Each structure stands twice: as structure tokens, then as C-alpha cells.
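Take a look at the structure below.
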Amino acid sequence: MSNLGRRKFILYSSAALGSSILLKACGTPEEPATPDSEATEGSESSAPEASGDTIKVGILHSLSGTMAISETTVVEAEKLAIKEINEAGGIGGKMIEAIIEDGASDWDVFKEKAEKLIDQDGVAVVFGCWTSASRKAVKDVFESKDHMLFYPVQYEGQECSKNIFYTGAAPNQQIEPAVDWLLENKGTDFFLVGSDYVFPRTANTIIKAQLEANGGNTVGEDYLPLGNTEVTPIISKIQAALPDGGVIFNSMNGDSNVAFFKQIADAGLTPDKYPVMSVSIAEEEVRQIGPEYLTGHYASWNYFQTVESPENEKWVADFKAEYGEDRVTNDPMEAAYIMVYLWKQAVEQALEGGAADAYDLEAVRAAVIGQEFAAPGGLVTMNANHHLSKTVRIGEVREDGMFDIVWETDGPVTPQAWNQYVEATKGFACDWSDPAKGEKYEI
């Protein structure tokens, strides 16, 4: 069972909601309004006007395009955290003003919007991105301008930026434990499927190295362009490579998963013979694809809605109260929610240490390291490599769309930015608390 921290979960004010959240929708006038920006504009009319008494933050995710199926939910989680913080008095008496931008599932747009948030809007921090392609697109922006991004989604690792805080899982906190569990419980022959961009390809490089080291076999590997739904050729390859069944490791993102799970069910690839382990399918995606297509398959995450803890019980209730009883919570949403609080705590610590304001990025960045939070999924701690220590869990999809947690670590797992199965990065680590070590040093 997870070793949940004893630190008391932050109690949020239940004050009236009238001026609880200060949000501002942005975009050029010629851009069509997204559903979210329309809602934000509606809330803006009842919110206090932005002023020098606010702290501007950027929210940058895909509210349209193939990734909207996933990213709209992390925006909601970030907005909930900001609302709660504002209701509790803000930060040092200042309210948070969120400026929301739509990356539109287009990596060039992500880069343009990141530049706008920093240069034109003057935000103190940006909470954003989902795919590694979008994060890679904005990484140079944040590094060249020495600004700060909080990134909420599990990823492939092999990166450690001074300007990015990673609140999702590193591979040793999701992918590697999932492979070990599959080898022990489901078989040794793996077929790898993924979207055709940096995360799945790097993840599969790690998996292949891990399987080779631990007695497994990679019997096939195939990719689809992000958003492509022509999955029939992949299913034919799986059937040819695994005629008697085997493990499917799935790192596809976005709408491709809808077609994939429906067609493997139609093709008779049932989870008893062809268990699928996914690393980008969570409660929200199960809800949208349909649990009837995923029941019996697996996912590896740090958080599931079914985690039993007082912190999670409160968070799920608060989220449903805000967005509807039929809504669900998931891992990226939890990571997005807690990263707002980690930043808030760091700003408060920096102010106590003499920082002029929340825009003192060097002071805030230094203060983020070591921050702890009693998250819905258990205690998390920000390490010197800008990644979080987190509990690892594997869940099996139930008929109601929730996950039965079938395995979890005893407590938080220390993150590794540089993978120890890949020869090129084996023996290296990252430490931003020590200038002599920094991005990559030999252990």
C-alpha cells in the first residue's frame, strides 16, 4: 500500500464563489473562440478587473484539435486550483489572473502562444502542454527567455531543463514498472504501438532495452501519425506477430486510441489473450472511448480516481461539484492541479525569503525544489532534477470506467531524468541545486 504522507492536506476556503476566480481568455481577434474561451469570457464579466494586485499566470493547452480530448481536462484542473487559491486569499494578498491560450494541437502554435504569454502578457509562470512534441516546441522559448514552465504529463524522460518542472511521471515511475509487472504477470512477448512522435518512439526505445535486459521479446513495433485512425494495418501486424496472444504496449495519444480500442475488440483481441497496457489512457479517455471497449485492459499511472485517501476523496468531490457529478478525475489532471499549488508554495517561500514579488523567477525557481504536497495520489516532493517523487500504480479497467488498482509501490519513487536502460544516458543524473552538476552529470 502507498505510504501516504502525514502532512495535513491543505484546507480550502468554502467561501462564496462570486469573485473566487480571475480568468482572462486571450487570442487574436480573428481567431474563432473555443468553447473554453467562451466560458472563460462569461466568467470574466463577473470577476474583478485585473490590476497590479493580481499575479498573471499562463495556461497553454490544446482546447481544439486531436489533443483536445485530453487537454481540456487538465485546464479544468488548473482552473480549479487557481479558484481555490484565490478563494483562500490568493498569494500574499494578490489574486491569480489566468490567461488561457489554445495550442490547437499544433506545435508551432504552442511556440507562438508561449512567446505571447511571456513577452506580451508578462506572466509569472506558464502551466502547459501535454504531448512531448508541444513541450519540445516551447522548450527553447522558455530556455532562451529564462522563464518557467510547469508540465503536467508523464513523458519519455531523457530531458532535464532548468526552466521546466515536470510533475508527471518519468519512465522509471510509469513505463519501467509497467514492463516489469507485465513480464511477471502477462507474458514475455511484446508488440509496441504508438503515435509517431518523440514520446512513443523514445518510450519504445527504453522498453526494448528493458525487455532485452530482463528476458522479454519485442515481436513487433508500429506507429500512427498523431490523430490518424487507420489502425487496421497495425491490428493485422499484431495478429501476425502474436498468433497465440501476447502483450500489447500502447503509447498512442489522442483520437487514434478511439479507433484502436474499438477495432481490436471487433477483431476479437480480447484482454485475456491480448492485454493492452496503456500509458496515455486514463479515466477521461475511458469515458470518452467507452468502457465496454477497454474493460480488462490496463494502464500505468501515479494516480487513479479509485485511490483511497482523504485527500483524494475531497479532491474528487470538489471537482465534481465544480464540473458535474458525471465527470471523472485522472492522473494528468491531478498532476496539473498539484503543480499550481507547488508553484504557489514556492512563491510564498520566495517572498518570505526576500523576493520582491512572484515575478522574481530565479528566487521562485530555487524555492520550488524541495516543495512537498499531500496530493490526492499521495505525498509528492519536487527533486533537484525538477521532477516529482510519486507513487506508481497499475490499474485494470472496470465496466464502470474506473480502475481497480492491481499493484502499487510502497511509497513515492525517486524520479530519474536520464534513463538507466539506455546506454547513452546510463550512469547520468541531473541536479539544478548544484551549478557544478546541472542538466547532466556522471554519477
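The values are calculated or read from the model by the stated rules, or taken from the named source; none is laboratory data. Predicted, not measured: the structure shown is a model, and the values here were computed from it. Cβ coordinates were reconstructed from backbone atoms using ideal geometry, including for glycine residues, and neighbour counts include every protein chain displayed. Ligands, DNA and RNA are stripped out before the accessible areas are found, and what is left, the full protein with its side chains, is counted by its heavy atoms. Shrake-Rupley method; radii C 1.70, N 1.55, O 1.52, S 1.80 Å.
In this structure, residue 213 and residue 240 have a Cβ-Cβ separation that, at R0 = 25 Å, corresponds to a calculated FRET efficiency of about 0.45.
Radius of gyration (Cα atoms) of region 134-249, expressed as a multiple of 2.2 N^0.38 Å: 1.23. Enumerate the residues in region 155-190 having an amide nitrogen under 14 Å from the point lying 7 Å beyond the Cα of residue 410 toward its Cβ. In region 155-190, the label zone of residue 410 (backbone N under 14 Å from the point 7 Å along Cα→Cβ) covers no residue.
Take every Cα pair under 8 Å whose residues are at least 6 apart in sequence, average their separation, divide by the length of region 141-238, and the relative contact order is 22 percent.
The modelled label-to-label distance for the pair residue 185/residue 384, using points 7 Å beyond Cα in the direction of Cβ, is 3.5 nm.
Across the cross-link table entries 79/145; 113/314; 145/440; 56/113; 111/426, which are compared at the Cα atoms, the separations over 23 Å belong to 79/145; 113/314; 111/426.
With every protein chain left in place, what is the accessible area per residue of region 188-268 in square angstrom, probe 1.4 Å?
The answer is 37 Å² per residue.
Does the chain come out rounded, prolate or oblate by the C-alpha gyration tensor, with a ≥ b ≥ c the root eigenvalues, rounded set by a/c under 1.5 and, if not, prolate when a/b is larger than b/c and oblate if not? Taking the square roots of the gyration eigenvalues as a ≥ b ≥ c, the chain is prolate. Other residues with beta-carbon under 14 Å from the beta-carbon of residue 386 carry, at +1 per Lys or Arg and -1 per Asp or Glu, a net charge of +2. Per-residue packing, averaged as other Cβ atoms within 10 Å, sorts the ranges 299-308, 131-140, 362-371 into the order 299-308, 131-140, 362-371, beginning with the highest.
Looking only at region 64-96, which residues have a backbone nitrogen under 14 Å from a spot 7 Å from the Cα of residue 288 in the C-beta direction? Label zone hits: 64-77. Taking R0 as 25 Å, what FRET efficiency do you get between residue 229 and residue 323 from their Cβ-Cβ distance, rounded to the nearest 0.05? Step by step, r from the Cβ atoms, then E = 0.35.
What is the extension gain from residue 266 to residue 145, computed as 0.36 nm multiplied by their sequence separation minus the C-alpha to C-alpha distance, in nm to one decimal?
38.6 nm
Could you list the trypsin sites (Lys or Arg not before Pro) in region 255-329 that lie in coil according to DSSP, counting only those with at most 13 other Cβ atoms within 10 Å of their Cβ? Counting only loop positions with at most 13 other Cβ atoms within 10 Å, the trypsin sites (Lys or Arg not before Pro) in region 255-329 are 273. For region 189-305, the percent of C-alpha pairs falling in each 10 Å distance bin, counted from 0 to the bin holding the largest distance, reads 14, 50, 33, 3.
From most to least packed by mean Cβ count within 10 Å, the peptides 425-435, 218-228 give 218-228, 425-435.
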